[in-house]
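To start, the structure under review is shown below, and the notes come after it.
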Amino acid sequence: MARTKIVAGNWKMNTNLEEGLDLILKLKENYKETDPKMIVIPPYTHLVAVNQIIKDSPIQLGAQNVHQESKGAYTGAISIPMLQSIGVDYVILGHSERRQYFHETDDLLAKKSQAVIKSGMTPIYCVGEPIEIRTAQGQNAFVEKQLQDGLFHLSAEEFSKIIIAYEPIWAIGTGLTASPEQAQDMHAFIRHCISKKYNQALADSITILYGGSVKGSNARDIFVKPDVDGALVGGASLDAVDFLKIAQSF
């Protein structure tokens, strides 16, 4: 079956509201429906205003994180029902920065993935290895364990709702990029892990995005690989011209 092609822009902790609205207006004006699915993932403070701009366009809205509980005394946290009430359909889980700086564990992410799937929202679930694991040739075992501990408790039906993003941590914000061959090898390995746990048909249906310093200048070479279905873009998603160029690289 044909997998959905996606470019998702993770703005991280960047742009004030005025800057964010300027960016989304430029994207909306120039995005073509023939391009792959586009998901914008701005800071929480921008979500309502961005949704007002894109609600009559094909561009879709995501959030950068979410709490696993639906409500309660969790000061500073954002719940799934809160996001759903303002039109958010996607949420990033397990981004390497959340794992590194906020100490989110696979056990916590397993609870989040279950809650997000149950709600009907779509998780963009991130996996990927640091440089010392890659140098020691341990990347496959590392990523397989992330999948096992964070996602493989899901039923096949639940798992079918997941988008996976492979983000080699050593290629985020460093200017380094996995070669197209390295990206393809890991995406194919992730698909192999899914087929081993569930079945080949499910593995073949899952959209797997590459997330490691994707730019307009390198996107085409990555996207031609058979198991790469798009990108989770960081810095380049803050530049409308470059982000659109990535989208058009298919």
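The values are calculated or read from the model by the stated rules, or taken from the named source; none is laboratory data. Computed from a prediction, not measured in an experiment: that's the story for all the values here. Here the Cβ is made from the backbone with ideal geometry for all residues, glycine too, and neighbour counts use every protein chain on show.
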Residues located in the stretch 5-36, provided they are modelled with pLDDT of 95 or more and within 24 Å of Pro226 (Cα to Cα)
Lys5, Ile6, Val7, Ala8, Gly9, Asn10
Considering residues of the stretch 66-103 that are surrounded by fewer than 19 Cβ atoms within 10 Å (Cβ to Cβ) and touching a Leu at 6+ places or on another chain (Cβ under 9 Å) only, the residue nearest to Ala171 (Cα to Cα):
Arg98
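So, restricting to helices (runs of 4 or more DSSP H) that lie completely within the stretch 173-239, which ones have at least 1 residues that are surrounded by fewer than 16 Cβ atoms within 10 Å (Cβ to Cβ) and without any contact (Cβ under 8 Å) to a residue 24 or more places away in the chain? Steps first, answer last, please.
On the way: elements: 180-197, 200-205, 219-223.
Result: 180-197, 200-205.
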Would you call Pro43 surrounded by fewer than 22 Cβ atoms within 10 Å (Cβ to Cβ), at pLDDT below 95 and within 18 Å of the chain's Cα centre (by Cα)?
no
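Of the residues Ser96, Ser79, which is out of contact with any strand residue (DSSP E or B) (no Cβ under 7 Å at 6 or more places or on another chain) and small (Gly, Ala, Ser)? Even if it seems obvious, please write down each step before you answer.
Values: Ser96 fails: out of contact with any strand residue (DSSP E or B) (no Cβ under 7 Å at 6 or more places or on another chain).
Going through Ser96, Ser79 in turn, the sole match is Ser79.
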Please verify whether Gly20 is within 27 Å of Arg220 (Cβ to Cβ), buried (at least 19 other Cβ atoms within 10 Å of the Cβ), under 21 Å from the mean Cα position of the chain (by Cα) and not acidic (Asp, Glu), treating the condition exactly as stated.
no
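Would you pick out the residues in the stretch 133-158 that are in contact with a helix residue (DSSP H, G or I) (Cβ under 7 Å, 6 or more places away or on another chain) and exposed (fewer than 14 other Cβ atoms within 10 Å of the Cβ)?
His153, Ala156
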For Ser179, all conditions in the list (1) touching a Gly at 6+ places or on another chain (Cβ under 7 Å); (2) among the polar types (S, T, N, Q); (3) farther than 27 Å from Leu61 by Cβ hold save one; what is the number of the exception?
(1)
Take the residues in the stretch 23-35 that are out of contact with any Ser or Thr (no Cβ under 8 Å at 6 or more places or on another chain) and buried (at least 17 other Cβ atoms within 10 Å of the Cβ), then tell me which one is nearest to Phe223 (Cα to Cα).
Asp35
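For every residue, the table says whether it meets (1) in contact with a Lys or Arg (Cβ under 9 Å, 6 or more places away or on another chain); (2) more than 14 Å from Val91 (Cα to Cα).
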site: Thr122; (1), (2): yes, no
site: Glu129; (1), (2): no, yes
site: Ile133; (1), (2): no, yes
site: Ala141; (1), (2): no, yes
site: Gln148; (1), (2): yes, yes
site: Phe152; (1), (2): yes, yes
Output yes when any residue across the stretch 118-130 is outside any strand (DSSP E or B), over 16 Å from Ala203 (Cβ atoms) and polar (S, T, N, Q), and no when none is.
yes
